């Protein structure tokens, strides 16, 4: 397993029974070769000479947990809005939207929250278009205007913006109306 990459015991089931894999991982944890990140998630820690052991990024832990449950995961709308430079606020917690159950995961001193949301809020998850959709859900009806949609269009590729536009059936009426108004404004500029 690569250093710093979280993994689950299922990665080793080709080499032995679940009991033998669990026992071996337990021994490796006691020996200090492997760290238990959270229940069922392990990592070969990266060692930094200044801060000692470096734990994996929250997104990698969240993705690993989601894989174990077969869930979809998406960056929370607050972080999505920050990444797309639609807001300057920096979220203080690591929160991810998921189709799986809500849960809190402790990773050292950090807490990662997985928050269950409806399936349509996870449309296009894992793609730039999904990031934009999450940001719009987070910003809400009063902030999602044709001007904001134009900002998003400039931040993501043309094909991703087309994918976002084609997902209007998954959007609430206020969001799809903003896309319609954006399309009219763009059309009148080019006419």
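Quick look at the values:
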read-out: FRET E, pair residue 89, residue 157, Förster distance 41 Å, beta-carbon r, rounded to 0.05; value: 0.95
read-out: Cα centroid separation, segment 132-161 to segment 43-81 (Å); value: 26 Å
read-out: Spacing of the two label points (7 Å from each Cα toward its C-beta) at residue 5 and residue 143, in nm; value: 3.5 nm
read-out: Three-way shape label, segment 24-64, alpha-carbon gyration tensor, a/c 1.5; value: oblate
read-out: Antiparallel bridges, percent of DSSP beta bridges restricted to segment 95-136 (to nearest 5); value: 55 percent
read-out: 0 to 90° range, to nearest 10: angle between helix 173-190 axis and the chain longest Cα axis; value: 60 degrees
read-out: Over segment 58-190, relative contact order from alpha-carbon pairs under 8 Å, at least 6 apart, %; value: 22 percent
read-out: Gain upon complete extension [residue 173, residue 59; 0.36 nm per residue less C-alpha separation]; value: 38.0 nm
read-out: Bridge type composition, the chain - antiparallel percent by DSSP, nearest 5; value: 75 percent
read-out: Rounded to 10°, Cα long-axis angle of helix 146-155 versus longest principal axis of the chain; value: 50 degrees
read-out: Overall form of segment 118-163 per C-alpha gyration tensor (a/c, 1.5; a/b vs b/c); value: oblate
read-out: On Cα atoms only, tilt of 58-69 relative to the major axis of the chain in degrees; value: 80 degrees
read-out: Length released on extending from residue 119 to residue 18, taking residue separation times 0.36 nm less the Cα-Cα span; value: 33.2 nm
read-out: 92, 10, 168, 123 arranged by Cβ crowding within 10 Å, fewest neighbours leading; value: 92, 10, 168, 123
read-out: Fraction in percent of alpha-carbon pairs per bin - 10 Å, segment 58-190; value: 13, 43, 31, 11, 3, 0
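The numbers here are math on the coordinates, done by the rules we state, and not lab data. If you're wondering where the values come from, they're calculated on a predicted model, not measured in any experiment. No Cβ is skipped: glycine too gets one built from the backbone with ideal geometry, and neighbour counts run over all protein chains shown.
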